[in-house]
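See below for the structure under consideration.
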Amino acid sequence: MGGAAALEKLIPVALAFGVGVLLARRKVVPAEASKAFADYAFLFAVPCYLFGNIYAADLSALFDWRAIGGYAAAAALAVAAVAIASAAAGLREPRSVALRVMAGVQVNTAYFAVPVFITFFGTAAPIFPVLLFQVCVLSLVVIAIMELGRTGPGSGGGPARRLGRAVSASLVTPLVLACNAGILLNLLSVHVPEVVLDGAAFVGDSASPVALFALGLHLGGIGLDVRGTTREELALIGFKCVAFPLLAWAVCGALFGVRGEWLTYLVLIAAMPTPQNLFIFAQRYDVGVDLSAAVVIKSSLVSLLLLPLWLHTVSS
């Protein structure tokens with residue numbers, strides 16, 4: 001896909017995102033409303049989209065184990081790189097290191113990758129296996145470290161109880177439940193009434209624009225301090241938006257032999273911005289709150305600018 005074609009594909013994404021920013025800046029829609037839009041997308045619309053599409057998908061084609069294995073290997077190397085760099089910078093507190101690992105390796109699937117993939121490719125199906133890997137493995141590790149290192153209210157119980165809370169928090173999110181339900185019903189060939197699938201598709205179609213609009217409202221409300229960007233923020237954003245996609249490209253392509261569309265999918269997924277969950281975790285566990293907010297917003301803008309370049313480079 002050429003650079004011009006990639007830019008054209010990105011216009012709907014930029015439009016939904018940009019209108020959200022504009023309306024919040026002009027106070028036509030209060031920035032606080034972004035939470036309601038985001039909750040609708042995260043808790044309802046995106047799960048509906050995922051359930052319907054996974055249920056109807058060819059799972060043997062969807063779960064390309066060579067591609068998933070390559071992405072997992074690239075993610076593991078990225079986790080090690082961020083952890084080592086954090087330790088070299090003098091960070092010793094496990095929760096602080098885990099937060100930076102999440103910032104550099106986790107990707108924004110629900111609010112960014114799903115709408116972008118729908119716009120570029122007409123489907124978000126390639127994201128499903130990576131989403132499950134991210135939530136059931138990467139997020140689980142981060143949450144476990146956060147829970148085990150937690151102090152103050154709600155930190156009672158031994159390590160086993162805290163780990164149980166971490167597992168429960170990771171596995172009972174609507175996204176994971178929707179994916180697992182779609183996979184299970186697909187594998188068991190359970191008939192789901194058409195009216196249910198039509199309803200899920202109707203709601204799911206709204207996930208893409210609403211998620212991007214919510215992100216734009218949030219950005220328009222808090223503003224963007226470019227001059228105040230710290231070296232650590234630059235390092236994390238650079239790793240997330242440039243180094244990690246390059247690593248995924250090298251590992252998946254050269255070491256695992258992934259070619260064609262799947263290589264494009266995996267590099268683009270790796271190039272997605274840091275997820276909003278980073279800020280939620282930072283608030284919940286009272287660690288790196290300001291850093292998290294800045295990285296989420298700024299990586300979203302950098303990713304939006306770089307996506308046409310990644311798409312043109314990898315697919316050419």
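The values are calculated or read from the model by the stated rules, or taken from the named source; none is laboratory data. Owing to the predicted nature of the structure, the values given are computational and were not obtained by experimental measurement. Cβ: placed from backbone, ideal geometry, glycine included. Neighbour counts: every protein chain shown. For the accessible areas, the whole protein counts, side chains as well, though only heavy atoms, and no ligand, DNA or RNA atoms are used. Shrake-Rupley method; radii C 1.70, N 1.55, O 1.52, S 1.80 Å.
Tabulated values for the structure
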| item | result |
| --- | --- |
| At R0 = 30 Å, FRET efficiency that the Cβ-Cβ distance of ALA80 and HIS312 yields, to 0.05 | 0.50 |
| Gain on full stretching of the segment that runs from LYS27 to VAL172 - 0.36 nm per residue minus C-alpha separation | 48.7 nm |
| Inter-label distance, nm, simple model (7 Å from Cα along the C-beta direction), ARG161/ARG92 | 2.9 |
| Cβ-Cβ FRET estimate between LEU188 and ASP286, R0 fixed at 51 Å, reported to 0.05 | 0.75 |
| Ranked packing of 60-72, 299-311, 191-203, most packed first, by mean Cβ within 10 Å | 299-311, 60-72, 191-203 |
| Protection-proxy order for peptides 217-223, 227-233, each taking the mean of Cβ atoms within 10 Å per residue, highest first | 217-223, 227-233 |
| Distance between the range 39-114 and the range 16-32 - C-alpha centres, whole angstrom | 28 |
| Förster radius 30 Å - calculated FRET efficiency between LEU15 and ILE222, Cβ distance, rounded to 0.05 | 0.90 |
| Within the accessible area of the chain (1.4 Å probe), percent carbon and sulfur | 68 |
| Average Cα contact separation per residue, the chain, under 8 Å, 6 or more apart, as relative contact order % | 36 |
| Local electrostatic count, PRO129, Cβ distance below 15 Å [Lys/Arg +1, Asp/Glu -1] | -2 |
| Highest to lowest packing among 175-181, 102-108, scored as the average C-beta count within 10 Å | 102-108, 175-181 |
